[in-house]
Amino acid sequence: MKNLIKNNQSFIQQARKSLQAVAGLALITIIFMLLVPSYRSVGNFTDILAQSSVLAIMALGTTVVLISGGLDLSVGSILALCACMAGTVLAAGLPIWVAISLALITGLAVGLINGLTVVLTGVPPFIATMGMMMIVRGFAEMLGKGRDMSYFPEGFKILGAGWVAPSIIAGGALVIIMFIMSKTKLGFNAYAIGGNSEVARLSGIPVNRNRIIYYSIGGILAGLAGVLEAARLNYVEPNYGLGWELQAIAGAVIGGTSLFGGMGGVGRTIIGVLIIRSLYAGLIQIGVDSYWQQVAIGTVIIIAVWIDTVQRKRSL
Amino acid sequence: MISTNSEFVVEMQGITKRFPGVLALDKVDFQLKPGEVHVLLGENGAGKSTLIKVLSGAHLADEGRIQIEGQAVDISSPHSMLEKGLRFIYQELNLVQEIDIARNMFLGMEPIKSRFLGIIDQKTLYKRAEYYLEKFHVNLNPYCLVGDLSVTQQKMVEIARALVTDAKALILDEPTDVLEDSSRNELFDVIRKLKTEQNMGFIYISHRYQEVFELGDRVTILRDGQNVGTYLLKELTLDDMVEKMIGGQINRKFPNLPEPMKAEALKVKNLVSGDLLSHISLTVRKGEVLGITGLMGAGKTELGRALGGIDRVDSGEIYIHGHSVPFSDPATMIQCGIAYLTEDRKSEGVILDQSIRDNYGLPNIVRLSSKGIVQYKEIDREIDDLMDKLAIKAPGRHTLVGQLSGGNQQKVVLAKWLGAQCKILIFDEPTRGIDIRGRLEVYRIMKELLEQGVAILMLTSDYSEALSMSHRVAVLHHGSIRKIFKRGEAMEDDILRVAIGATA
């Protein structure tokens, strides 16, 4: 029996981390339920789900990139550009599937460029994707400037209507990414490259090619998030997703993904995102003003990572 | 200060240290006299490092007393160890590469001109640095950047730095593991002079048994956390020592090698790579070990990396089982059956904070996936099998590689490549940093591989390893093969002469 436990050390560690994240979420939920009557309503929870879904989709991509030892700061801008792309195409009266495809292709393309830049130039991911963050935001503004992008057709709006459709889309994305990370070669290689890219390279893993794929996944998921955001709000502005890249990183990190690569999980990122969104919702309902919301969220991020750091030291 | 006339600089009595589930030190006594080099020996896990860490204050002992020059030290307040004049020099270099020798020597205790503004008194700094370098027989210019120095010179600077403040004893943890033979003597000279001139005590930890005899006065041998005994080195033979360390369980140091097969596994013709490798030609048969040795910088690692497809080469041909193959990237070479087992295991060989299973998967993931889906069950079956065959000591396949001993980490590296069906293995320093039991294990496995027809190219700077574990030994000098000895044809001094370019 003892042997069995030892044998599954890393599995148990992972399970414990997931459990901790879930416990954190439960704790926050219970506290707010006790404090604010409105938090106890079903509507509140469905709202949180609806609001979380867009960020969650983006954070899935961020998590993949982080696990592989990369960093992507451009996803917030990609979200905006892809939303503008979808909005423009719809405003031009073209079919919905064209709008969605073009938006996703745009996201994929930017992600691909991110990957190529990081791999080919050797510019650190932080700088490469920060540059891309500005460039893409610029394009989003060019595309969206002075253009009325609202009142989309029903067939498009339904994607973001209520909480069911966004949750299903986010859930679908989660299942696919989870499958990739836990069952496929691509996922295995992400952990290996993030763990030690030199060891991975010397073991014959095509490190650069894989890296480009991870950034592309991040890009296409940010594109999907952009489409969903446009459908949900039924209008598009080029300032969508400002600062979301950091919230996506926060979600991943609160969920226990390492900023240095090699460790983490996409499932837990969803919990991380839910924690952030629940905090926002609860604080708003208590009547805390928006400045203090920022203070609270920032504190939670630091404490979450601190707990993780302490545990990691102890396990060594 | 009350002067004491204690016989010992350091006296440790009944030191006991427990870790969860392990008794790391069991009532260990240890004494260091002034003016002696006291060697601390034992296999990995015998308790050497733990004892030193207790002395340095990094670990708190559960029981026991420590006296420095006859004065009891409060073992629960570790900082006093440094104040009492103990200095520690660890295996890895701890210098700031980007600044010069003098600044490194006085790092954190620079002479100050103005305390308020924190302005450093440059003149005094360099003058004092010069004074100490000379006093400790380190012949270096204090203005030199540390990054420009050789590893040996950096080690000397570390020693000088340790001695700038009033030191009574110096503790050296495997200082020569990173040094090449010729420069080891420089270091030993400095230690000998300090010993006699300053009457300083040295605690010396090393895996290299020859140098222990060269340098040491007394030796304390630890086994399984217990002090086996303290002996005068001149009254001890190498065989005695090894027996005491391992408890008389191992009779022969190296295995006999099986006869190589006829078929040629690897043939290299006229390999050239810049100034590093010039016109290297060699062949290795199936079931044969070709040892490659030479001084540090002679091109051993460069040769291994070139054959592993890691570094680009200028020209040359390579034949694997008779077929010509282009020099290419690691992935291609692995497919051709060549694996390079790096000398730098921890940063190039394994991912320390991932599991044995995941490390095993690295080169095998392609083979063990179908349509992009990983067959984890298959991986688990294979690694369990190999852990069994190679006797990898770990609780299970999910144990993190970083938690294993050096020998077991090396076995994980081996498992990786055996899984990948590589028939030509390039071992670069296969037993560096591995204790004697682990070494014998590695040798045993190598021998088994030979019987299965694996060809081994062994790059090693340990001449006795090269002689005893190879069918033939090639000696490199400045990037070219100077001579190839057959088994039994050469002694260590023959190799050394060729390696330093004295004979051809």
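Out of A:Tyr240, A:Tyr235, A:Tyr151, which single residue is away from chain B (no Cβ under 14 Å) and buried (at least 23 other Cβ atoms within 10 Å of the Cβ)?
A:Tyr240
Of the numbered conditions (1) within 14 Å of another protein chain (Cβ to nearest Cβ); (2) over 28 Å from A:Met134 (Cα atoms); (3) polar (S, T, N, Q), A:Ser258 fails exactly one; give the number of that condition.
That leaves (2) as the condition not met.
Please go through region B:276-286 and pick out each residue that is within 28 Å of the chain's Cα centre (by Cα) and open to solvent by 70 Å² or more (accessible area, probe 1.4 Å).
Result: B:Leu276, single match.
For region B:261-275, check the following and say yes or no: at least one residue is under 25 Å from the mean Cα position of the chain (by Cα) and crowded, with 18+ Cβ neighbours inside 10 Å. Before the answer, list the steps.
Keep residues of region B:261-275 that are under 25 Å from the mean Cα position of the chain (by Cα), which gives none.
No, region B:261-275 has no match at all.
Being touching a Leu at 6+ places or on another chain (Cβ under 8 Å) and within 14 Å of chain B (Cβ to nearest Cβ) narrows it down to one residue among A:Ile180, A:Ile176; which is it?
A:Ile180
Among A:Arg201, A:Arg211, which is at pLDDT 95 or above and among the basic types (Lys, Arg)?
Every option except A:Arg211 fails the conditions.
For region B:325-347, enumerate the residues that are in contact with a Leu (Cβ under 8 Å, 6 or more places away or on another chain), assigned to a loop (DSSP other than H, G, I, E, B) and either at pLDDT 90 or above or among the polar types (S, T, N, Q) (or both).
B:Thr342
Six or more apart or on different chains, Cβ under 6 Å: which pairs go from a residue in region B:276-296 that's touching a residue at least 12 places away in the same chain (Cβ under 8 Å) and within 16 Å of B:Ser464 (Cα to Cα) to one that's charged (D, E, K, R) and in a strand (DSSP E or B)? Could you list them?
B:Leu290/B:Arg472
Here's a check for you: in region A:269-290, which residue that is open to solvent by 20 Å² or more (accessible area, probe 1.4 Å) and under 16 Å from the mean Cα position of the chain (by Cα) is farthest from A:Asn196 (Cα to Cα)?
Residue satisfying both the conditions and the ranking: A:Arg277.
Considering region B:298-342 alone, what residues qualify as being open to solvent by 20 Å² or more (accessible area, probe 1.4 Å), within 14 Å of chain A (Cβ to nearest Cβ) and of a type in the set (Gly, Ala, Ser)?
Correct list: B:Ser328, B:Ala331.
For region B:348-388, give me each residue that is at pLDDT 90 or above, polar (S, T, N, Q) and out of contact with any helix residue (DSSP H, G or I) (no Cβ under 7 Å at 6 or more places or on another chain).
Selection gives B:Gln375 alone.
Can you go through B:Gly453, B:Gly438 and tell me which one is part of a loop (DSSP other than H, G, I, E, B) and in contact (Cβ under 8 Å) with a residue 12 or more places away in the chain?
Testing whether each residue is part of a loop (DSSP other than H, G, I, E, B) and in contact (Cβ under 8 Å) with a residue 12 or more places away in the chain leaves just B:Gly453.
Do you know which of the residues in region B:449-470 that are among the β-branched types (Val, Ile, Thr) and farther than 19 Å from B:Leu295 by Cβ is surrounded by the most Cβ atoms within 10 Å (Cβ to Cβ)?
B:Ile456
Looking at A:Thr63, A:Thr88, A:Thr106, which one is polar (S, T, N, Q), farther than 28 Å from A:Arg268 by Cα and either open to solvent by 20 Å² or more (accessible area, probe 1.4 Å) or in contact with a helix residue (DSSP H, G or I) (Cβ under 8 Å, 6 or more places away or on another chain) (or both)?
Of A:Thr63, A:Thr88, A:Thr106, the one residue that is polar (S, T, N, Q), farther than 28 Å from A:Arg268 by Cα and either open to solvent by 20 Å² or more (accessible area, probe 1.4 Å) or in contact with a helix residue (DSSP H, G or I) (Cβ under 8 Å, 6 or more places away or on another chain) (or both) is A:Thr88.
Taking into account only those residues within region B:88-116 that are surrounded by 18 or more Cβ atoms within 10 Å (Cβ to Cβ) and free of Cβ contacts under 8 Å to residues at least 60 places away in the same chain, which is farthest from B:Cys144 (Cα to Cα)?
B:Glu110
Take region B:343-378 and flag every residue that is more than 7 Å from chain A (Cβ to nearest Cβ) and open to solvent by less than 20 Å² (accessible area, probe 1.4 Å).
Of everything in region B:343-378, those that are more than 7 Å from chain A (Cβ to nearest Cβ) and open to solvent by less than 20 Å² (accessible area, probe 1.4 Å) turn out to be B:Ile356, B:Asn359, B:Tyr360, B:Asn364, B:Leu368.
Residues of region B:382-423 being open to solvent by 30 Å² or more (accessible area, probe 1.4 Å), more than 11 Å from B:Tyr360 (Cβ to Cβ) and either more than 10 Å from every other protein chain (Cβ to nearest Cβ) or in a helix (DSSP H, G or I) (or both), which ones?
B:Asp388, B:Lys389, B:Ala391, B:Lys393, B:Gly402, B:Gln403, B:Ser405, B:Gln421, B:Lys423
Residue pairs, Cβ under 9 Å, 6 or more apart or interchain, first in region B:476-504 and surrounded by 15 or more Cβ atoms within 10 Å (Cβ to Cβ), second modelled with pLDDT under 80 and of a type in the set (Val, Ile, Thr). List them.
Filtered contacts from region B:476-504: B:His477/B:Ile500; B:Arg482/B:Thr503; B:Lys483/B:Thr503; B:Asp494/B:Thr503; B:Arg497/B:Thr503.
If we scan region A:198-215, do we find a residue that is away from chain B (no Cβ under 14 Å), under 22 Å from A:Met85 (Cα atoms) and in a helix (DSSP H, G or I)?
Restricting attention to region A:198-215, the residues satisfying the condition of being away from chain B (no Cβ under 14 Å) are A:211-212, A:214-215.
With under 22 Å from A:Met85 (Cα atoms) added as a condition, the list becomes A:215.
From what's left, in a helix (DSSP H, G or I): A:215.
Taking every residue of region A:198-215 in turn, at least one turns out to be away from chain B (no Cβ under 14 Å), under 22 Å from A:Met85 (Cα atoms) and in a helix (DSSP H, G or I).
Go through region B:33-51 and give me each residue that's surrounded by fewer than 23 Cβ atoms within 10 Å (Cβ to Cβ) and under 19 Å from B:Lys195 (Cβ atoms).
Result: B:Lys33, B:Pro34, B:Gly35, B:Glu36.
Among the numbered criteria (1) over 19 Å from B:Met200 (Cβ atoms); (2) surrounded by 14 or more Cβ atoms within 10 Å (Cβ to Cβ), which one does B:Ala72 miss?
Evaluating B:Ala72 over (1) over 19 Å from B:Met200 (Cβ atoms); (2) surrounded by 14 or more Cβ atoms within 10 Å (Cβ to Cβ) leaves (2) as the failure.
Please enumerate the residues belonging to region A:120-133 that are in a helix (DSSP H, G or I) and surrounded by fewer than 19 Cβ atoms within 10 Å (Cβ to Cβ).
Within region A:120-133, the first condition is being in a helix (DSSP H, G or I), and the residues that meet it are A:120-121, A:125-133.
Matches in region A:120-133: A:Leu120, A:Thr121, A:Phe126, A:Ile127, A:Met130, A:Gly131.
Given the options A:Val300, A:Val305, name the one that is at pLDDT 85 or above and either part of a helix (DSSP H, G or I) or on the phi > 0 side of the Ramachandran plot (or both).
Answer to the selection: A:Val300.
Taking A:Gly218 as the residue in question, decide whether it is part of a helix (DSSP H, G or I), touching an Asp or Glu at 6+ places or on another chain (Cβ under 8 Å) and buried (at least 24 other Cβ atoms within 10 Å of the Cβ).
So A:Gly218 passes the test.
Identify all residues within region A:97-148 that are β-branched (Val, Ile, Thr), in contact with a Leu (Cβ under 8 Å, 6 or more places away or on another chain) and more than 30 Å from A:Phe260 (Cα to Cα); write none if there are none.
If we filter region A:97-148 for residues that are β-branched (Val, Ile, Thr), which is where we start, we get A:98, A:100, A:105-106, A:110, A:113, A:117-119, A:121, A:123, A:127, A:129, A:135-136.
Okay, now just the ones that are also in contact with a Leu (Cβ under 8 Å, 6 or more places away or on another chain), so A:106, A:110, A:129, A:136.
Within region A:97-148, no residue meets the criteria.
Residues checked against (1) in a loop (DSSP other than H, G, I, E, B); (2) modelled with pLDDT under 90; (3) of a type in the set (Val, Ile, Thr); (4) on the phi < 0 side of the Ramachandran plot:
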residue	(1), (2), (3), (4)
B:Ile2	yes, yes, yes, yes
B:Ser6	yes, yes, no, yes
B:Glu11	no, no, no, yes
B:Gly14	no, no, no, no
B:Arg18	no, yes, no, yes
B:Val28	no, no, yes, yes
B:Asn44	yes, yes, no, yes
B:Ser49	no, yes, no, yes
B:Leu55	no, yes, no, yes
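The values are calculated or read from the model by the stated rules, or taken from the named source; none is laboratory data. Note that the structure is predicted; figures quoted are calculated from it, not measured. With ideal geometry, Cβ positions are generated from the backbone for all residues, glycine too; neighbour counts draw on all protein chains shown. Keep in mind that these areas ignore ligands, DNA and RNA; they rest on the heavy atoms of the full protein, side chains included. Shrake-Rupley method; radii C 1.70, N 1.55, O 1.52, S 1.80 Å.
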